[in-house]
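The values are calculated or read from the model by the stated rules, or taken from the named source; none is laboratory data. What you are looking at is a predicted structure, and each value in this text was computed from that prediction instead of being measured. In this analysis, Cβ positions are derived from the backbone assuming ideal geometry, glycine residues included, and neighbour counts consider all displayed protein chains. Protein only, heavy atoms only, side chains kept; ligands, DNA and RNA dropped before computing areas. Shrake-Rupley method; radii C 1.70, N 1.55, O 1.52, S 1.80 Å.
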Amino acid sequence: MTDCYTYSLVISKEQLAKLPKVTYPGCVKVVNTTAEMRRAIAILKKYDILGFDTESRPTFRKGATIHVSLIQIATEDICFLFRIRKISDISPLKEIIESEKILKIGLSLHDDFNIMSHDHNFQPKGFVDLQKIVPEYNFGNTSLQKIYAILFDERITKSQQLSNWDAEELSDAQLSYAAIDAWACIRIYKKLRLGNFNPEESNYKVFKQEDENQD
């Protein structure tokens, strides 16, 4: 019998709390009409990689149907926030969501697609779910906040997560939170797939000992 040491990349709550907060460096555009949506889509179609996320108004009633309030689609320097419950015709979004040519990066996409299906008949194509990528790099934490913290030593605040995404006007804090969640997906993907990230060199390695039987 020999001792085999393996590791995972893990960040504790205490470590996370000490990190500086992420600040979104780009421009945030709120989209409230179909005409605005078409203009936004024309811009987004020029990019090869986009970040994707959704927000829903929280419900605390057991069995209640959840509806997507906001769809965030980001480049590295601009994020469009589509308030789809306020827009009469959201069909232009299909050009992005159903495009196989444009790579869309998200996290826990199954949950996003499931909630979207309650109201919309999208056929998502060209999506990459970060939760399917990070195990390749020994991540023990798979939340967006913790993945980002391990890679960039910055903290994404989650204070707006359960806020009212159907409010008449979204607050500056909500706009920043929503934009960061989509934009962070691009940064994570590029760091892992297009950068030079080596998990062996991470400061967040946590070792565990396993017994390995040998004949």
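Brief remarks on what is shown
- Rounded FRET efficiency, nearest 0.05, which uses the C-beta distance separating residue 5 from residue 77 and R0 of 45 Å: 0.60
- Atom-type composition of the exposed protein surface of the chain places 45 percent of the accessible area on carbon and sulfur (1.4 angstrom probe).
- Accessible surface of residue 14 - all protein chains present, 1.4 Å probe, nearest 10 Å²: 120
- The stretch 80-182: trypsin sites (Lys or Arg not before Pro) falling in loop per DSSP and having at most 15 other Cβ within 10 Å: 85, 86, 101, 125, 158
- Remark: the residue 23-residue 123 segment gains 32.7 nm on full extension, using 0.36 nm per residue and subtracting the alpha carbon distance.
- Accessible surface computed residue by residue for the chain, with neighbouring protein chains in place and a 1.4 Å probe, gives 54 Å² per residue.
- Equivalent-ellipsoid semi-axes for the stretch 106-150 (Cα gyration tensor, √(5λ), whole Å, largest first): 25, 11, 7.
- Spacing of the two label points (7 Å from each Cα toward its C-beta) at residue 39 and residue 158, in nm: 3.6
- Sorting 159, 171, 202 by solvent-accessible area of protein heavy atoms yields 159, 171, 202, largest first, with a 1.4 Å probe.
- Cα long-axis angle, helix 172-189 against the chain (0 to 90 degrees, to the nearest 10): 50
- With the alpha-carbon atoms of the stretch 91-215 aligned to their principal axes, the span from lowest to highest coordinate is 62, 32, 27 Å, starting with the largest.
- A Stokes-Einstein calculation at 10 °C with viscosity 1.306 mPa s, built on the Kirkwood radius of the stretch 25-141 over Cα pairs, returns a diffusion coefficient of 106 µm²/s.
- Under 14 Å from a label point set 7 Å out along the Cα-to-Cβ vector of residue 99, the amide N atoms of the stretch 33-55 belong to 38-52.
- For a straight C-alpha distance cut-off of 17 angstrom, the lysines reachable from residue 191 (same-chain residues fewer than eight places away being disregarded) are 104, 132, 146.
- Phi angles of the stretch 19-34 translate, via the Karplus equation with coefficients 6.51, -1.76, 1.60 and θ = phi - 60°, into HN-Hα couplings of 7, x, 6, 6, 10, 6, x, x, 9, 10, 10, 8, 10, 10, 9, 5 Hz per residue; Gly and Pro are given as x.
- Under 19 Å of direct C-alpha separation, and excluding same-chain neighbours fewer than eight residues apart, residue 205 reaches these aspartates and glutamates: 3, 14, 136, 153, 154.
- Over the chain, volume per residue of the alpha carbon convex hull, in Å³: 167
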